[in-house]
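Each reported figure results from applying straightforward, stated rules to the coordinates on display, with no laboratory input. Predicted model only: the values in this text are computed from it and were never measured. Note that we place each Cβ from the backbone using ideal geometry, even for glycine, and neighbour counts take in every protein chain shown.
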Ligand SMILES: Cc1cc2nc3c(=O)[nH]c(=O)nc-3n(C[C@H](O)[C@H](O)[C@H](O)COP(=O)(O)OP(=O)(O)OC[C@H]3O[C@@H](n4cnc5c(N)ncnc54)[C@H](O)[C@@H]3O)c2cc1C
């Protein structure tokens with residue numbers, strides 16, 4: 001077992017939620033949809049807000065850590081995890097806000113397809129996306145995103161209006177057409 005992680009190793013902001021190999025939640029937290037992939041990250045950081053993601057990205061850059069970003073964990077080859085490095089786990093960030101005036105939806109990067117469908121369908125709306133509710137909406141969108149509504153309404157990414165992105169230098173930018 002590793003020695004306990006202290007504030008010498010991690011900023012306090014991340015230490016509070018950090019899951020390492022000694023943590024009782026470690027085995028569940030490292031699990032991926034494709035159970036044939038067996039990766040053992042050294043640290044998993046569940047992020048509750050953008051500031052946590054920024055702190056984690058900065059920490060990984062400063063300490064030169066291998067870093068993976070995990071959305072819904074559905075990547076076939078397990079690209080949402082890594083061996084020996086740090087995983088930013090987006091799953092606590094699962095808020096969905098709908099603007100009925102513009103029929104647009106803002107979703108946090110830890111949302112699954114099911115989180116989005118539940119919120120939108122209550123208003124008779126839908127985002128063209130995938131077929132399986134546990135797929136992460138962020139990873140799915142990055143891959144294009146195909147599903148039942150694609151022929152009529154395009155890919156998920158065709159319907160993406162803007163994205164808030166944490167860059168490798170820790171800055172937060174909004175990417176959009178405008
Ligand atoms: C059962 C199943 C059903 C599927 N059905 C469909 C389908 O109907 N339509 C379809 O288009 N695809 C489908 N897919 C494919 C799926 O969209 C991709 O595997 C997608 O990459 C999964 O995203 P995730 O967030 O769940 O996975 P993860 O493994 O968490 O992430 C996948 C990749 O995206 C990156 N990533 C995730 N979130 C972020 C973020 N916030 N910022 C930066 N990088 C990020 C990860 O680092 C990783 O490289 C399916 C996959 C499975 C296993």
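Comparing 66, 100, 160 in a Gaussian network model of the chain (Cα springs below 10 Å), the most mobile by mean-square fluctuation is 100. Building the convex hull from the alpha-carbon atoms of segment 96-176 and averaging its projection over directions returns 5.5 nm².
Just for the chain, what percent of DSSP beta bridges are antiparallel, to the closest 5? Just about 60 percent of them are antiparallel.
In terms of packing, defined here as the mean over residues of other Cβ atoms within 10 angstrom, the peptides 14-23, 133-142 line up highest first as 133-142, 14-23.
FRET efficiency for the pair residue 97 and residue 64, taken as 1/(1 + (r/R0)^6) with r the Cβ-Cβ distance and R0 = 45 Å, rounds to 0.80.
Sort 177, 108, 62 so the one with the fewest other Cβ atoms within 10 Å of its own Cβ comes first. Spell out each step's value before the answer.
Numbers: 177 6, 108 21, 62 10.
Least to most surrounded, the residues fall as 177, 62, 108.
Between the helical axis of 50-62 and the longest alpha-carbon principal axis of the chain there is an angle of about 50 degrees. At 4 °C and a viscosity of 1.567 mPa s, what translational diffusion coefficient does Stokes-Einstein give for segment 12-89, taking Rh as the Kirkwood radius over Cα pairs? Give it in µm²/s as a whole number. For these conditions, the coefficient is 104 µm²/s.
Can you tell me the mean projection area, over all orientations, of the convex hull of segment 88-136's alpha carbons? Units nm², please.
On the way: hull surface 13.3 nm².
That works out to 3.3 nm², a quarter of the Cα hull's surface.
Computing Rg and the Kirkwood Rh from the Cα coordinates of segment 54-122 gives a ratio, Rg/Rh, of 1.10.
From the mean inverse distance of alpha carbon pairs (Kirkwood) and the Cα radius of gyration, derive Rg over Rh for the chain. Rg/Rh for the chain comes to 0.99.
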